[in-house]
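Here the structure is laid out as structure tokens; the discussion comes afterwards.
The values are calculated or read from the model by the stated rules, or taken from the named source; none is laboratory data. Computed from a predicted model, the values in this text were never measured in an experiment. Ideal geometry is used to build each Cβ from the backbone, glycine not excepted, and the neighbour counts take in all protein chains shown. Calculation scope for accessible area: heavy atoms of the full protein, side chains included, ligands and nucleic acids excluded. Shrake-Rupley method; radii C 1.70, N 1.55, O 1.52, S 1.80 Å.
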Amino acid sequence: MTDVGPFGLSVRDQALEADVQAGLAAVEEGLLEATKSAVPFITEAAQHLVRAGGKRFRPLLVMLAAQFGDRHAPGIVPSAVVVELTHLATLYHDDVMDEAAVRRGVDSANTRWGNSVAVLTGDFLFARASHILADLGPEAVRVQAEAFERLVTGQILETAGPQDGRDPVEHYLDVLGGKTGSLVAVSCRFGAMMSGADETVVDVLTQYGERLGVAFQLADDVLDIASDSHESGKTPGTDLREGIPTLPVLRLRERAARLGLAEDVALCELLDSDLTDDDRHAEALRLLRAHPALEQARRDTVRYAEDARSALAPLRECAAKTALVELCDAVVHRAG
């Protein structure tokens, strides 16, 4: 039994382990090849986050979903490279929007080279992903384009905020379905689709990926409050400092509006103040870490992970299904 992929996922089947390890190694080579440029500076910037590592969560899902068809089909590894390049590109852009200083334990690209280079590097990665995608056929292009539209729409809706009268938590969960769930769903879809799996299997795995992706982001929300930078690879409370209302904050505001407790209202007022001040930021983190809203956000994470697990029920029992179930547990464990 060996740990592979993100979160130290334990794979108990030697044949599956070998396939996943070989697939992820091929993806790593593909990522380095896809981020090379005739201009050395572009190569350096494009490979900055590739070489910083990362969980390779999406490529892992491609490899596991491919087990339900011909796991050696030629489109599997390139499609995994496409989803990871797309994900990496969004990180470059996100760090500019969030003014983040650290990503994956290293200086963010915008800190090192400035916002313009970071944005253009993200665009370069999108272009390289599209180039690979073109060889995978028109259906793959359509699937990726639809997912990318959802991803960008989710980002815009997050920036715009909920419309008047819309429940902020409901709005936020819809945002996550687009921002994160869409690309995780495509990872599962590509793995199954490229392997030639039955269409019903493709649909099941796509639904699983959507729900798991939301759970994964909710776990990130919890970690942004609860973890230190050593655990998460980025500065704790980044979203908090930038005034981005993640689920723990939304659950706090919901509770404050419902119960009107003085300590809840006071914490909301603190969150509305200038959290670029290090002392205020540290105090807000300390109070949120001890607040019931953080535990509510953990429960929401568990609920989405359980929904993902339930989606897998129609699939035949096999080592790949077991691994996908264990990923649900691993996501919950991150937020524990």
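Quick look at the numbers
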{"item": "Column: log10 I(q)/I(0), Debye, Cα scatterers of the range 181-336, q = 0.08, 0.10, 0.12 Å⁻¹", "result": "-0.29, -0.44, -0.59"}
{"item": "Inverse of mean 1/r across different Cα pairs in the chain, Kirkwood, Å", "result": "20.5 Å"}
{"item": "The range 1-134: mean projected area of Cα convex hull, nm²", "result": "8.3 nm²"}
{"item": "Computed accessible area, E210, all protein chains, 1.4 angstrom probe, square angstrom", "result": "50 Å²"}
{"item": "Solvent exposure, largest accessible area first (probe 1.4 Å, DNA, RNA and ligands not counted), of S130, S37", "result": "S130, S37"}
{"item": "Dipole axis of the range 246-336 (+1 Lys, Arg; -1 Asp, Glu on Cβ), positive-most option in L271, L288, C328", "result": "C328"}
{"item": "E33/A262 FRET efficiency (R0 41 Å; Cβ-Cβ; nearest 0.05)", "result": "0.10"}
{"item": "Charge tally in the Cβ shell below 11 Å around A308, where Lys, Arg are +1 and Asp, Glu are -1, A308 excluded", "result": "-1"}
{"item": "³J(HN,Hα), Karplus 6.51/-1.76/1.60, whole Hz, each residue of the range 213-227, x for Gly, Pro", "result": "x, 5, 4, 4, 5, 4, 4, 4, 4, 5, 4, 4, 8, 8, 9"}
{"item": "Residue-level accessible surface for T159, protein heavy atoms, 1.4 Å, Å²", "result": "100 Å²"}
{"item": "Heavy-atom SASA rank of R104, R286, R211 (probe 1.4 Å, accessible area, largest first)", "result": "R286, R211, R104"}
{"item": "Between helix 278-289 and the chain: long-axis angle, C-alpha atoms, 0 to 90°, nearest 10", "result": "70 degrees"}
{"item": "Extension gain from R286 to E44, taking 0.36 nm per residue of separation minus the Cα-Cα distance", "result": "83.3 nm"}
{"item": "Cα shape, the range 160-248, gyration tensor, a/c 1.5 rule", "result": "oblate"}
{"item": "Unit charges on C-beta of K, R, D, E only; dipole of the chain, Debye", "result": "540 debye"}
{"item": "Student exercise, the range 154-309 dipole from Lys, Arg, Asp, Glu Cβ charges, in Debye to nearest 20", "result": "360 debye"}
{"item": "Of all accessible heavy-atom area on the chain, the percent that carbon and sulfur account for (1.4 Å)", "result": "52 percent"}
{"item": "Within the range 12-118: Cβ-based charge dipole about Cα centre, in debye rounded to nearest 20 (Lys, Arg +1; Asp, Glu -1)", "result": "80 debye"}
{"item": "Protection proxy ranking, peptides 268-279, 305-316, average beta carbon neighbours within 10 Å, highest first", "result": "305-316, 268-279"}
{"item": "Cα gyration tensor category, rounded, prolate or oblate, for the range 142-189 with a/c compared to 1.5", "result": "prolate"}
